[in-house]
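The values are calculated or read from the model by the stated rules, or taken from the named source; none is laboratory data. Computed from a prediction, not measured in an experiment: that's the story for all the values here. Heads up, the Cβs are rebuilt from the backbone with ideal geometry, glycines too, and the neighbour counts pull from every protein chain shown.
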Amino acid sequence: MSGEKLFNEFPPVTTEQWEEVIIKDLKGADYQKKLVWRTDEGFNVRPYYRAEDLKDLDYLDTMPAQFPYTRGTKKDNNNWQIVQEVAEADLNKANAIAVDALKRGANTIAFNVKNVKDANDLAALLKGIDCTKTGLQFSHAQNYVDFMTLFVNYLTDNNIDKEAVVGSINFDPITYYLKRTKFYRSQEADMAELLKLHELAADMKNFKLVNVNGIALHNAGATIVQELAYSLGIANEYIAYATEHGIPVGKACKKIQLTLSVGSNYFFEIAKLRATRLLWATMVDQYQPTCDCGYKLQINTVGSTWNKTLYDPYVNMLRNTTEGMAAALGGADAISLQPFDVAYKESDDFSRRISRNVQVILKEESYFNKVVDPAAGSYYVENLTDGIAENAWKLFQHVEAEGGMIQLIGSGEIKREIEASCQNRDMKIATRRYIFLGTNQFPNINEQMADKIERLKSDDSIGLRTYRGALAFEELRLETERYAKEHHRPKVFLLKVGNLAMRQARAGFISNFFGCAGYEIAETAGYKTVEDGVKAAEEQKADLIAICSSDEEYATLGVELAAQLKAKLPQTPVLIAGNPTEAMEALNAAGVDDYIHVKVNVLETLRKYNQLLLK
């Protein structure tokens, strides 16, 4: 056996051979419709990929820390900053939260500096924190020039090495313009602050002055391609402005970072971060920088709030884990994950600890920080990276051809395009093509959340608005909860007859369906006769009766049941679980009011029944 290849008795299988087997197994079904996934990002994902699909990807010949940096900017490890966001505006409380987080695994703190007005305020916020060993991110400043003046003076007064300070401010007037439809002061005044910030931070080589908030695009419903293309477009506006005013392109680029979302679309999110570095290097290369420093992009990631839910909130812990893994494997430089209770209350020690510990486990127990670009060479991820990069670059080129992001924000195009993507997502959520576990599928029917809500965040932006995908379903269920406190909880009786397997399957479907609105589900083993079923329905005094059986038996048992139920309970809607098209005429004549099946719009149907029953 020496010298022989392992498993050489297995001959290679060509793509043509694979395709022949697939077409045979499809038995005449449409290949494109059945197996090819048309993504929201605008490109197709095939059912499988092979080595031959990598032959045209030029960047595969590069190593990590080599141009175009698709594989990351790190050579020896995949380490990242564990960010603890401190939203608390009270300075002393914020400091206590930060100090505790640094003891428990965080190494970067994202502070809310809304209430920092003078040197004493800043000193109180940073008390006990070593600015040379802790990453610092500052947001919500009333004026970033004034804040940076305070911060630079603080570093000087305390003899802190400015070159050793790592961090950023959340200066991003263009995204502010997108959300508010106006600049904070004016376009000229806001953009001119960039030049002043460069002067103030001249000695702070590791401190970023511009933070492009791609996360704001994602949380408004943007696709991955839109988030990436528009973020690059915003960054390009800052680079162009800085270079036009005498700042070298390398220095201008080095002072910019991107803060992007990481959602639940696991492999796409890994590919997105890889594509971001590729496109950043491609964009910066057009400016012909004289040093490599501008090519190396700092990417911060923040877990999505768009996919976080009020109901079954502990599922958000699982979403956080997926997001943290995707960000780490994609090579993020800093990662922040949302507390699992972000949808309905301010974070507390427990929820902050859980979100932080996801990252600690990924590092300390799972060793995600040891291997640079572990996704490299994956046929699927490499092709996703290429697909996202190609489509995002086309959209970026469109933005530039039309005059840039500021121009398109002013014309309303960016808002319109993102809202169109948002509406597409909303329709998929309503029809359960997008699943929110515990919200629009497999709900915990007896869960009560109305009394646990401390606050439901609302976005008062008049431009691009932030929202959560599950919100419409949550509003329905909260409406049911509040009605039940004053009246009664709507009840659905599952009247199961006929074929055992079909009636159980359809009863489960109806339970999930109406459970999404918080209705009570009354269920028994089933009934042998129509008379027994009708008698039980009378005793249940339910608000809705759902007949659960097979399509074949609906033509007989279903018709008979519907007729007797309507005779006994004329005011109670009778529903059929399924879509028995051949028996519908007879069922309608017998008094059936509605049909509940996989093709209906879940959200629209539940709204209809809430309007009917919650009077």
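The residues listed here are 470, 537, 507, 517; of these, the one that is touching a residue at least 24 places away in the same chain (Cβ under 8 Å), of a type in the set (A, V, I, L, M) and under 30 Å from residue 181 (Cβ atoms) is 470. Restricting attention to region 204-232 and to residues that are among the polar types (S, T, N, Q) and more than 14 Å from the chain's Cα centre (by Cα), the residue that is nearest to residue 395 (Cα to Cα) turns out to be 231. Entry remark, region 184-212: residues being among the basic types (Lys, Arg), more than 16 Å from residue 143 (Cβ to Cβ) and free of Cβ contacts under 8 Å to residues at least 60 places away in the same chain number 1 in total.
Residues that are surrounded by 22 or more Cβ atoms within 10 Å (Cβ to Cβ), at negative phi, at pLDDT 95 or above and of a type in the set (Phe, Trp, Tyr): does region 282-291 have at least one? Looking for residues that are surrounded by 22 or more Cβ atoms within 10 Å (Cβ to Cβ), at negative phi, at pLDDT 95 or above and of a type in the set (Phe, Trp, Tyr), one finds none in region 282-291, hence no.
Being touching a strand residue (DSSP E or B) at 6+ places or on another chain (Cβ under 9 Å) and either assigned by TED's automatic domain parsing to the domain that holds residue 232 or in a strand (DSSP E or B) (or both) is true of residue 300. Residue by residue through region 310-332, note down the ones that are surrounded by 22 or more Cβ atoms within 10 Å (Cβ to Cβ), not in a helix (DSSP H, G or I) and not hydrophobic (A, V, I, L, M, F, W, C). Correct list: 311, 330, 331. Out of everything in region 401-418 that is under 27 Å from residue 270 (Cβ atoms) and not β-branched (Val, Ile, Thr), what residue ends up being farthest from the chain's Cα centre (by Cα)? Taking the candidates together, the pick is 405. If you go through region 469-501 and keep only what is touching a strand residue (DSSP E or B) at 6+ places or on another chain (Cβ under 9 Å) and surrounded by 19 or more Cβ atoms within 10 Å (Cβ to Cβ), you end up with 490, 492, 493, 494, 495, 496, 497, 498.
Residues in region 24-57 that are over 21 Å from residue 374 (Cβ atoms) and in a helix (DSSP H, G or I): 24, 25, 26, 31, 32, 33, 34, 35, 52. Just so you know, in region 73-101 the residues that are among the small types (Gly, Ala, Ser) and touching a residue at least 24 places away in the same chain (Cβ under 8 Å) include one that is farthest from residue 329 (Cα to Cα), and it is 89. When restricted to residues that are assigned to a loop (DSSP other than H, G, I, E, B) and under 33 Å from the mean Cα position of the chain (by Cα), region 187-203 contains 0. Within region 103-131, residues that are surrounded by fewer than 20 Cβ atoms within 10 Å (Cβ to Cβ) sit with their Cβ atoms under 8 Å from residues that are modelled with pLDDT under 95, at 6+ positions apart or across chains, in these pairs: 114/89; 114/142; 115/89.
So that you can scan it fast, the table gives a plain yes or no per residue for (1) touching a strand residue (DSSP E or B) at 6+ places or on another chain (Cβ under 8 Å); (2) β-branched (Val, Ile, Thr); (3) part of a strand (DSSP E or B):
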{"site": "228", "(1), (2), (3)": "yes, no, no"}
{"site": "233", "(1), (2), (3)": "no, no, no"}
{"site": "237", "(1), (2), (3)": "no, no, no"}
{"site": "246", "(1), (2), (3)": "no, no, no"}
{"site": "251", "(1), (2), (3)": "no, no, no"}
{"site": "258", "(1), (2), (3)": "yes, no, yes"}
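The condition of being surrounded by 15 or more Cβ atoms within 10 Å (Cβ to Cβ) and of a type in the set (D, E, K, R) holds for only one of 52, 88, that being 88.
Residues are listed down the side, and each one gets a yes or a no for (1) among the polar types (S, T, N, Q); (2) out of contact with any His (no Cβ under 9 Å at 6 or more places or on another chain); (3) modelled with pLDDT of 95 or more; (4) closer than 23 Å to residue 500 by Cβ:
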site	(1), (2), (3), (4)
518	no, yes, yes, no
530	no, yes, yes, yes
540	yes, yes, yes, yes
563	no, yes, yes, no
575	no, yes, yes, yes
582	no, yes, yes, yes
612	no, yes, yes, no
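Restricting attention to region 546-578 and to residues that are part of a loop (DSSP other than H, G, I, E, B) and free of Cβ contacts under 8 Å to residues at least 24 places away in the same chain, the residue that is farthest from the chain's Cα centre (by Cα) turns out to be 570. For the residues 409, 445, 414, the requirement of being among the hydrophobic types (A, V, I, L, M, F, W, C), surrounded by fewer than 20 Cβ atoms within 10 Å (Cβ to Cβ) and either assigned by TED's automatic domain parsing to the domain that holds residue 330 or out of contact with any strand residue (DSSP E or B) (no Cβ under 8 Å at 6 or more places or on another chain) (or both) singles out 445.
So that you can scan it fast, the table gives a plain yes or no per residue for (1) closer than 30 Å to residue 482 by Cβ; (2) assigned to a loop (DSSP other than H, G, I, E, B); (3) of a type in the set (D, E, K, R):
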{"site": "381", "(1), (2), (3)": "no, no, no"}
{"site": "386", "(1), (2), (3)": "no, no, yes"}
{"site": "394", "(1), (2), (3)": "no, no, yes"}
{"site": "398", "(1), (2), (3)": "no, no, no"}
{"site": "406", "(1), (2), (3)": "no, no, no"}
{"site": "418", "(1), (2), (3)": "no, no, no"}
{"site": "423", "(1), (2), (3)": "yes, no, no"}
{"site": "439", "(1), (2), (3)": "yes, yes, no"}
{"site": "445", "(1), (2), (3)": "yes, yes, no"}
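Taking region 283-297 as the range and being assigned to a helix (DSSP H, G or I) and closer than 27 Å to residue 323 by Cβ as the test, the residues that pass are 283, 295.
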